[in-house]
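Asker: Below: one structure in structure tokens.
The values are calculated or read from the model by the stated rules, or taken from the named source; none is laboratory data. This structure is a prediction, so every number in the text was calculated from the model and none was measured. Cβ atoms come from the backbone with ideal geometry, glycine included; neighbour counts cover every protein chain shown. With ligands, DNA and RNA removed, areas are computed over all heavy atoms of the protein, side chains included. Shrake-Rupley method; radii C 1.70, N 1.55, O 1.52, S 1.80 Å.
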Amino acid sequence: MTRWRWISSRALGTLLVLVAILIVAVVAGTLQQAANRGIPTGTMAPPASRSASSLYVDDVDGPPVDVLIGGKLVASVGCGSGAQLIPGHAGVPPLPWSLDVRQTDGPALGHWDVRAGQLPPMLLIRADTIALGTFPGDGPAPAPGACARWSPSPAPTDLSSASASAAAVGPPVTCDPDAVPYVREVGPTGSLLPVVITLTCERAVAAAQALVGPDRDVASIEFAYGPWCPPEAFCALILPNTGHVIFRRRGSQTDLVVDVSADASGKVTASAPIPIPSASAPAPSSTCLFVGWYRANGIARQFADCAGLLVDPPATLTLRVGQVVEVHMTVEAPDASHLPAPIDPLPTSTDASVLRLVSESADGSTGIYRAGQAGRATLVSSGYCLHLPSEQETQGPCPALAVSVAP
């Protein structure tokens, strides 16, 4: 006859502890696998939007995709760009959704049924991940030029008819492959939020060509994000949805550049063409190493001295409430031991109510600070600091720019 033996309460407690440890280990292993694959975990507030319920599509370094709801195309998102879907607005159907994601001109990548009241804040698209949910960020930073892999390869051409084709089609156009590796908006909590990119190469070039007009001497056209700046000069922070189009002209003729920007709807505004030095012109050389530059009211100045040092007391600047100062820290060239990084970190403000960081580049080298109220604030970096009164050099926190804000 079989006899059953009851487990003692002490043994039962031990068994429950072992089961709990096993569950924790399994969950931790799952999270670690997700981290190794670049899948963000945890939760975050969704990007700031005009609606309390919206879905942000963030294609960090994945393929270009088409987003469909109920079989209807609602957004096409390229690598390095994003889109915001608000139920019931701009052609987006109200919830519930039958949501599909397809690679542009390619296979289906994912399907989700989204119920009313259960809309996640983000659809994340990475090179190895398609995920719908809430995430603490968008995962590891994309490698430089990561979006280039999704650019269509040029088709073979018949060299014998190249001249005739060029005359019929127009000058070749080179597009910047990376749309947003350079900027995220700083949200209310200080976290970096994705930016919806509406400026495309095609729209930018079309708007610039409308201003330049037909010109047979244009040999090629180049589009890049951010404003154009001369060689060896301080390039302003690449603001979202801004760029420039360069018209390279044959022979010794002066090249032309047109600055462009796009609004939230994608409408492009182009500036008047201005002449710039030819790409073949020699660039000025310098033996100086400046830690960085700052720009306000259209004027750029270097931080500190030519020897790569910050100085104390720092340079001074006066702004009015609402004005901004752009700061760029020199990026050290990469080598086998490190990736590109600023020589000295982007400064922090000693009083965010007076002067607050409102936009920062993805690599942490450039930022925009806005004057919020009257007062004084100092932008403080860290590095080699030369104290002018004593002529002593230290390493550590050092003021970079003293700012006074007038009403």
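Asker: Suppose accessible area is computed on protein heavy atoms with a 1.4 Å probe; arrange THR198, THR254 from highest to lowest.
Answerer: Ranking THR198, THR254 by accessible area, largest first, yields THR254, THR198.
Asker: For labels at ILE274 and GLN118 in the simple 7 Å Cα→Cβ model, what's the distance in nm?
Answerer: Each label point is offset 7 Å from its Cα along the Cβ direction, giving 5.5 nm.
Asker: Under a plain spin-label model, where a point goes 7 Å from the Cα along Cα-to-Cβ, how far apart in nm are THR174 and GLU391?
Answerer: For THR174 paired with GLU391, the spin-label model returns 4.9 nm.
Asker: Which value in nm describes the separation of the simple spin-label points at ALA219 and ARG370, placed 7 Å from the Cα toward the beta carbon?
Answerer: The modelled label-to-label distance comes out at 4.4 nm.
Asker: Under 5 Å between amide H atoms, partner at least 5 residues away or on a different chain: which partners does LEU319 have, H built in plane at 1.01 Å?
Answerer: SER404, VAL405, ALA406
Asker: Also, quick follow-up: Whose amide H sits under 5 Å from the amide H of GLY292, counting only residues 5 or more places off or on another chain, with H placed in the peptide plane?
Answerer: Those lying under 5 Å, H to H, from GLY292 are PHE303, THR330.
Asker: Once amide H atoms are built 1.01 Å from N in the peptide plane, which residues 5 or more positions from ARG249, or in another chain, come under 5 Å H to H?
Answerer: It is ALA219, ASP255, LEU256, by chain and number.
Asker: Taking all protein chains together and a probe of 1.4 Å, list VAL358, VAL327 from the most accessible to the least accessible.
Answerer: VAL358, VAL327
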